[in-house]
Ligand code: ACO
């Protein structure tokens with residue numbers, strides 16, 4: 001038995017949800033470029049869960065179910081109030097999502113209907129949790145979700161307490177579409193491993209949030225912003241990045257296990273970053289990002305991934321950087337739950353082997369003789 005480090009190239013399951021073939025990302029056979037330009041996030045959620053694009057009546061139905069499920073239990077709000085104000089926001093999200101299960105009497109109901117309903121609740125409640133978390137950390141009262149608006153609109157409304165601009169809603173909608181699913185990424189794999197033991201959907205999503213938190217995965221978008229803040233201004237980019245490259249340090253937001261010729265999502269976020277910067281009349285973050293890309297791609301051949309330009313996009317939208325990875329979760333929960341439902345449909349426990357590299361033939365020595 002020989003191990004493959006990081007399971008690179010290992011095909012661990014079948015799935016009909018999303019694919020990356022020859023560097024092209026599709027959800028249920030639809031190219032991400034097509035969906036990014038044309039689809040709403042809610043249409044994509046329907047597509048991921050039910051395998052096809054919805055009719056208008058089906059979309060309306062999903063919107064009203066999401067709206068109806070978006071209020072979180074008051075006990076969860078009370079718990080969030082007790083979290084340390086400076087705690088890691090992904091740790092807080094992981095705890096709050098885990099707590100949702102405690103107040104859902106269907107949490108352990110494993111029928112497909114109950115699991116679909118719980119997928120709707122998780123998708124509807126994550127944005128409410130993230131907005132509440134952010135406001136409570138800033139000493140503000142959480143704002144209840146409103147009905148009849150999209151997830152992107154509702155999230156910005158609950159976060160800022162005012163109606164968002166159409167442009168902000170449109171930009172966030174597109175970011176949510178781009179992050180919704182991504183084949184067998186680390187957090188989705190974590191979710192599938194968890195529920196393959198026939199554990200519940202909340203356990204699966206909690207595992208996924210834990211995996212997404214790391215800087216090699218979803219945590220990279222926040223790490224990109226930390227780097228941009230550390231650099232400070234356009235004229236500092238060259239020295240900062242050159243030093244990192246010379247020291248062979250990792251530059252966050254670059255590289256990918258599967259895409260070696262570029263992440264197809266990155267160009268959409270780059271364009272969004274450029275367009276929003278122009279409208280805002282301040283392009284410094286965008287220009288810094290472009291210069292970083294020129295240097296990293298030029299010298300290392302590494303291309304930006306989905307996280308790189310999302311950092312400047314979210315900053316321009318006025319979203320605090322400690323929420324960046326949580327926005328990723330608000331989107332990816334659609335994919336996690338689609339994969340969880342698919343895993344339940346055709347389940348077998350996921351239990352690989354390890355290549356043993358430890359000592360052998362050890363003999364127990366009584367503690368007083370060691
Ligand atoms: N900056 C500098 N060098 C890099 C980077 C980077 N961002 N990414 C990879 N490399 C280098 C590695 O050091 C390695 O060089 P070596 O062969 O000389 O040792 C080579 O490129 C191959 O990289 P691996 O780390 O082996 O690639 P792997 O497939 O294991 O990791 C990963 C992929 C985790 C995305 C990696 O590129 C990385 O750490 N990037 C930065 C973090 C990041 O942006 N993560 C988000 C990924 S997208 C997502 O999850 C949403």
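Hey, does the stretch 233-240 have a residue that's within 14 Å of the ligand (Cβ to nearest atom) and either touching a strand residue (DSSP E or B) at 6+ places or on another chain (Cβ under 8 Å) or not in a loop (DSSP other than H, G, I, E, B) (or both)?
yes
Does any residue of the stretch 47-57 turn out to be part of a helix (DSSP H, G or I) and out of contact with any helix residue (DSSP H, G or I) (no Cβ under 9 Å at 6 or more places or on another chain)?
yes
Do we have any residue at all in the stretch 354-361 that's under 26 Å from residue 183 (Cα atoms) and part of a helix (DSSP H, G or I)?
The answer is no; no qualifying residue exists.
Which condition number in (1) surrounded by 21 or more Cβ atoms within 10 Å (Cβ to Cβ); (2) under 24 Å from residue 152 (Cα atoms); (3) without any contact (Cβ under 8 Å) to a residue 60 or more places away in the chain is the one that residue 304 fails?
(2)
Just wondering, is there one or more residues in the stretch 321-331 that are assigned to a loop (DSSP other than H, G, I, E, B) and either at pLDDT 95 or above or near the ligand (Cβ under 9 Å from one of its atoms) (or both)?
No - not one qualifying residue is present in the stretch 321-331.
Every residue, every condition in (1) surrounded by 21 or more Cβ atoms within 10 Å (Cβ to Cβ); (2) under 16 Å from residue 17 (Cβ atoms), yes or no:
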residue: 189; (1), (2): no, yes
residue: 195; (1), (2): yes, yes
residue: 200; (1), (2): yes, no
residue: 206; (1), (2): yes, no
residue: 214; (1), (2): no, no
residue: 220; (1), (2): yes, no
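Which count do you get for residues in the stretch 74-94 that are in a helix (DSSP H, G or I), surrounded by fewer than 18 Cβ atoms within 10 Å (Cβ to Cβ) and within 19 Å of the chain's Cα centre (by Cα)?
Of the residues in the stretch 74-94, 1 are in a helix (DSSP H, G or I), surrounded by fewer than 18 Cβ atoms within 10 Å (Cβ to Cβ) and within 19 Å of the chain's Cα centre (by Cα).
Does the stretch 244-283 hold any residues that are away from the ligand (no atom under 14 Å from the Cβ), surrounded by 19 or more Cβ atoms within 10 Å (Cβ to Cβ) and free of Cβ contacts under 8 Å to residues at least 60 places away in the same chain, and which are they?
Correct list: 270, 273, 277.
Here are 55, 62, 66, 47: which of them is touching a strand residue (DSSP E or B) at 6+ places or on another chain (Cβ under 8 Å), closer than 23 Å to residue 112 by Cβ, in the same structural domain as residue 188 (by TED's automatic domain parsing) and at pLDDT 95 or above?
One residue alone meets the criteria, 47.
Those residues that are within 28 Å of residue 269 (Cα to Cα) and in contact with a helix residue (DSSP H, G or I) (Cβ under 6 Å, 6 or more places away or on another chain), I need them from the stretch 64-76; list them, please.
66, 70 - these are the residues of the stretch 64-76 that are within 28 Å of residue 269 (Cα to Cα) and in contact with a helix residue (DSSP H, G or I) (Cβ under 6 Å, 6 or more places away or on another chain).
Please state which one of 350, 330 is at negative phi, surrounded by fewer than 16 Cβ atoms within 10 Å (Cβ to Cβ) and not assigned by TED's automatic domain parsing to the domain that holds residue 229. Give the derivation first.
Values: 330 fails: surrounded by fewer than 16 Cβ atoms within 10 Å (Cβ to Cβ).
Of 350, 330, the one residue that is at negative phi, surrounded by fewer than 16 Cβ atoms within 10 Å (Cβ to Cβ) and not assigned by TED's automatic domain parsing to the domain that holds residue 229 is 350.
Considering only the stretch 75-86, I want to know if a residue exists there that is within 16 Å of the ligand (Cβ to nearest atom) and at pLDDT 95 or above. Even if it seems obvious, please write down each step before you answer.
Taking the stretch 75-86 as the starting set, the residues that turn out to be within 16 Å of the ligand (Cβ to nearest atom) are none.
Within the stretch 75-86, none of the residues are within 16 Å of the ligand (Cβ to nearest atom) and at pLDDT 95 or above.
Looking only at the stretch 114-149, which residues are under 18 Å from the mean Cα position of the chain (by Cα) and surrounded by fewer than 21 Cβ atoms within 10 Å (Cβ to Cβ)?
Listed by number, the list holds a single entry, 120.
Pick from the stretch 157-171 the residues that are assigned to a helix (DSSP H, G or I) and free of Cβ contacts under 8 Å to residues at least 60 places away in the same chain: which of them is farthest from residue 194 (Cα to Cα)?
By that ranking, first place goes to 166.
Do you know which residues across the stretch 172-216 are free of Cβ contacts under 8 Å to residues at least 40 places away in the same chain and farther than 24 Å from residue 349 by Cβ?
Within the stretch 172-216, 214, 215, 216 qualify.
When the residues of the stretch 1-24 are filtered to those that are in contact (Cβ under 8 Å) with a residue 12 or more places away in the chain, closer than 27 Å to residue 352 by Cα and in a strand (DSSP E or B), which remaining residue is nearest to the ligand (Cβ to nearest atom)?
Per the criteria, the residue is 20.
The values are calculated or read from the model by the stated rules, or taken from the named source; none is laboratory data. Predicted model, so just to flag it, every value in this text is computed and none were measured. Because the Cβ atoms are built from the backbone with ideal geometry, glycine has one as well, and the counts that use them run over all protein chains shown.
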